[in-house]
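See structure below.
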Amino acid sequence: MSRAIGRRHLAAMALTAIGMTACGGKHDGGSPAGQVSGGTEHKARVLSQQQLEDAVVDAHDLPGVQVERIGTGTKGVGNGVIHAARRANTAPSLCAPVSAAVDGASGYTPVGSVQRIAGTKGHSATLTLVSYRSAEASRVIRELRTSLKSCKGYEAGAGAMKVTYDDVEATNAPPQGDERVAFRLKWVVEPGEDDLKSPVSVAVIRHGSTLAIYKAVSYTPRASANIPSDLVNAQSNVLDAALHTPS
């Protein structure tokens, strides 16, 4: 069982890299843009690529935290890896915002991004920080909420790189940030009569024009995937400080 999960995990990671490298336009999916309620996003600064890299949680912010870089980006491993997700890569297309969020992306082109594996020993998650232009971060949240109302499962990718998720449902989100959405779903590792599924949990939290996306995966099918609350709290504090520190 562990070998099967390992093989599928490598395939899924490769698919993620392909999907995030294949850019769409400035916006390649989601519901039509509308007015953004509130004013927190317009007041907050848009973090640059370097500012995002500096805003990743470290041992000063969370004692005992371990942070590892993943993926190959334009400025180094784990930096600049997120791009606009293509809506056509997900079936049904109404699940595109959910599919993108699982990979830490959206239908919009970010200003900057970082992706890490972070957490204390035995309690880690994939952490993705993405900065957007004014109002786009709120649109990502709104489109994700809309998608979660009807998306129950989907397939992403094609051919040997296709991955399947089902049992999608919204959950209670952490209290941090200006807006937040959370959901869980199951990654179908071994399709068939006796489906082998791994639970996945995702939380998307907006801090001004920056989104923090946390994803936890359980490789024990009957065990829930839990996003470390201490990681969310520490990273939220760092982001809030970065966003409100004068340039």
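A few notes on this one:
- Evaluated over the Cα positions of segment 103-247, the convex hull gives a direction-averaged projected area, one quarter of its surface, of 9.6 nm².
- For segment 138-247, accessible area per residue (1.4 Å probe, heavy atoms of protein chains only), Å²: 45 Å²
- Segment 144-247: trypsin sites (Lys or Arg not before Pro) in DSSP loop, at most 16 other beta carbons within 10 Å: 149, 152, 162, 222
- FRET E, pair residue 133, residue 61, Förster distance 30 Å, beta-carbon r, rounded to 0.05: 0.65
- Within the shell defined by Cβ-Cβ distances under 13 Å, the residues around residue 172 carry a net charge of +1, with Lys and Arg each +1 and Asp and Glu each -1.
The values are calculated or read from the model by the stated rules, or taken from the named source; none is laboratory data. In this text the structure is predicted, and so the values were computed from the model without any measurement. Positions of Cβ are backbone-derived with ideal geometry, glycine not excepted, and every protein chain shown enters the neighbour counts. Just so you know, the surface numbers come from the protein's heavy atoms only, side chains and all, with ligands and any DNA or RNA stripped out. Shrake-Rupley method; radii C 1.70, N 1.55, O 1.52, S 1.80 Å.
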